[in-house]
């Protein structure tokens, strides 16, 4: 059982993914290990005016690993967006057409990207939902499908975190 033996670091994503340091917590990430995580984000946002809760959890995970001393070069994260969460990565025009409001996920996605998280959307889900392939927020990549991306990343040593 690994217990905290040092002062916690600061969260890297301050505005999103609120996390709290717990003195004496067990099962802490090893700051000298390398972590590869693929997050499967498929649930829609519960509140149309708020960021998607799955994306918030990605930010929380990044914050917790970084607070535990894991450096950016040892934390590799990919958030695969698909299913009912697909609209989360649309730029404002198509998002507004679908939800009658600007995309509340834009700042969160930008913060995740700045922290080194790749945001990738399932192109099959874009097509199935009738969204334009080129209507994505800056930096969001299109994968052939969530089905193939998740299994390929797992083959490459990524741990799956379904959200």
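The values are calculated or read from the model by the stated rules, or taken from the named source; none is laboratory data. Model, not experiment: these values are computed from the prediction. All Cβ positions, even for glycine, are placed from backbone atoms using ideal geometry, and neighbour counts span all protein chains on display.
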Cβ-Cβ under 6 Å pairs, at least 6 apart or on other chains, the range 88-104 side at positive phi and touching a residue at least 60 places away in the same chain (Cβ under 8 Å), far side in a helix (DSSP H, G or I) and buried (at least 16 other Cβ atoms within 10 Å of the Cβ): none
Single residue of 111, 25 found to be in contact (Cβ under 8 Å) with a residue 24 or more places away in the chain and either surrounded by fewer than 17 Cβ atoms within 10 Å (Cβ to Cβ) or out of contact with any strand residue (DSSP E or B) (no Cβ under 8 Å at 6 or more places or on another chain) (or both): 111
Residues being exposed (fewer than 15 other Cβ atoms within 10 Å of the Cβ), within 20 Å of residue 96 (Cα to Cα) and under 18 Å from the mean Cα position of the chain (by Cα) - total across the range 122-163: 2
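Please tell me if residue 63 is crowded, with 16+ Cβ neighbours inside 10 Å, closer than 20 Å to residue 146 by Cα and within 13 Å of the chain's Cα centre (by Cα). Walk me through how you get there before you give the answer.
Values: crowded, with 16+ Cβ neighbours inside 10 Å: yes; closer than 20 Å to residue 146 by Cα: no; within 13 Å of the chain's Cα centre (by Cα): yes.
Spelling it out, it is not the case that residue 63 is crowded, with 16+ Cβ neighbours inside 10 Å, closer than 20 Å to residue 146 by Cα and within 13 Å of the chain's Cα centre (by Cα).
Tell me the helices (runs of 4 or more DSSP H) entirely within the range 39-156 that contain at least 1 residues that are under 30 Å from residue 9 (Cα atoms). Quick ask: steps written out before the conclusion?
Numbers: elements: 53-67, 92-99, 106-114, 123-128, 146-155.
Filter on the range 39-156 gives 53-67, 106-114, 146-155.
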Residue 36 being within 13 Å of the chain's Cα centre (by Cα), surrounded by fewer than 16 Cβ atoms within 10 Å (Cβ to Cβ) and at pLDDT 95 or above: yes
